[in-house]
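The values are calculated or read from the model by the stated rules, or taken from the named source; none is laboratory data. A quick note: this is a predicted structure, and the numbers were derived from the prediction, not measured. Cβ coordinates were reconstructed from backbone atoms using ideal geometry, including for glycine residues, and neighbour counts include every protein chain displayed.
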């Protein structure tokens with residue numbers, strides 16, 4: 001035995017492979033969230049966000065929002081009401097609006113005067 005070790009491929013170690021797969025999944029999810037965020041914003045709201053001023057918006061969920069969702073949104077703006085599956089926020093910074101749009105449990109964001117579905121839900125017809 002000469003005592004010479006074969007060259008090790010450190011990049012094939014299972015920890016490195018796991019961390020690489022985790023980084024790829026994280027980057028993929030971030031890219032997917034960024035692409036879908038643009039599709040969730042209505043065109044009028046997108047224009048208002050481009051002005052870099054706080055906006056008022058309506059957030060639609062695929063389910064009636066619970067306390068967790070309302071508290072999460074409260075950290076990003078001022079929640080002024082809930083109508084059915086819609087939550088109304090005011091004084092939302094553009095960066096916060098984009099972070100809300102990136103969430104997988106948000107269907108869409110609409111600017112003022114608000115969505116038709118929120119008005120119908122406010123009439124008690126839901």
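Residues in region 48-68 that are over 25 Å from residue 94 (Cβ atoms) and not in a helix (DSSP H, G or I): 63, 64, 66. Within this structure, residue 76 fails the test of being more than 14 Å from the chain's Cα centre (by Cα) and surrounded by 10 or more Cβ atoms within 10 Å (Cβ to Cβ).
Within region 104-126, the residues that satisfy the criterion of being surrounded by fewer than 18 Cβ atoms within 10 Å (Cβ to Cβ), in contact with a strand residue (DSSP E or B) (Cβ under 8 Å, 6 or more places away or on another chain), part of a loop (DSSP other than H, G, I, E, B) and at pLDDT below 95 are 112, 114.
Just to be sure before I move on: is residue 27 more than 16 Å from residue 95 (Cα to Cα), surrounded by fewer than 14 Cβ atoms within 10 Å (Cβ to Cβ) and within 17 Å of the chain's Cα centre (by Cα) in the structure I sent? Against the criterion (more than 16 Å from residue 95 (Cα to Cα), surrounded by fewer than 14 Cβ atoms within 10 Å (Cβ to Cβ) and within 17 Å of the chain's Cα centre (by Cα)), residue 27 qualifies. The criterion of being in a loop (DSSP other than H, G, I, E, B) and free of Cβ contacts under 8 Å to residues at least 12 places away in the same chain holds for residue 5. Is region 25-42 home to any residue that is in a loop (DSSP other than H, G, I, E, B) and either without any contact (Cβ under 8 Å) to a residue 24 or more places away in the chain or in contact with a strand residue (DSSP E or B) (Cβ under 7 Å, 6 or more places away or on another chain) (or both)? Yes, region 25-42 has at least one match. Of all residues in region 51-66, one or more are closer than 18 Å to residue 37 by Cα, under 16 Å from the mean Cα position of the chain (by Cα) and surrounded by fewer than 18 Cβ atoms within 10 Å (Cβ to Cβ). Residue check, residue 93 against (1) surrounded by fewer than 18 Cβ atoms within 10 Å (Cβ to Cβ); (2) without any contact (Cβ under 8 Å) to a residue 60 or more places away in the chain; (3) more than 15 Å from the chain's Cα centre (by Cα), all met but one. Which one? Status for residue 93: all satisfied but (3).
For region 80-103, a residue qualifies if it is more than 15 Å from residue 54 (Cβ to Cβ) and outside any helix (DSSP H, G or I), and the qualifying residues are 81, 82, 83, 84, 85, 86, 87, 102, 103. The condition (being part of a helix (DSSP H, G or I), surrounded by 10 or more Cβ atoms within 10 Å (Cβ to Cβ) and without any contact (Cβ under 8 Å) to a residue 12 or more places away in the chain) is satisfied by just one residue among 45, 22: 22.
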